Amino acid sequence: MLSILTFACQTVLIAEVLVQLIVFETEQLTTNINFSSVIFARFICATILHLSLTEEIYSGMERMKYACNHPYKFHSWQLAFLTAWC
């Protein structure tokens, strides 16, 4: 579940950066905020978010591998695989 939340946060961050790059004029960005500091802060937050999820993703991948290698232990190994993904 946390991986879905992380994906959603990353998508929102990317969308915000693209909107600021495409929609807003450069003149407005330099007068209101320091644009480079905002991008740098978002980069740091995204990096910390990725690093905090590495163990959870590794654990989920191990459960997926177990479901694939031991299908006889499950009524539906596909469901076990998808459950490990969340």
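Quick notes
- When residues of segment 41-68 are limited to those that are touching a helix residue (DSSP H, G or I) at 6+ places or on another chain (Cβ under 9 Å), of a type in the set (Ser, Thr, Tyr) and modelled with pLDDT of 85 or more, the one nearest to Cys86 (Cα to Cα): Ser59
- Some residue of segment 32-40 being over 28 Å from Trp85 (Cα atoms), modelled with pLDDT under 70, among the aromatic types (Phe, Trp, Tyr) and out of contact with any Phe, Trp or Tyr (no Cβ under 6 Å at 6 or more places or on another chain): yes
The values are calculated or read from the model by the stated rules, or taken from the named source; none is laboratory data. Note that this is a predicted model, so its numbers are computed, not measured. For neighbour counting, all protein chains shown are included, and Cβ atoms are generated from backbone atoms with ideal geometry for every residue, glycine included.
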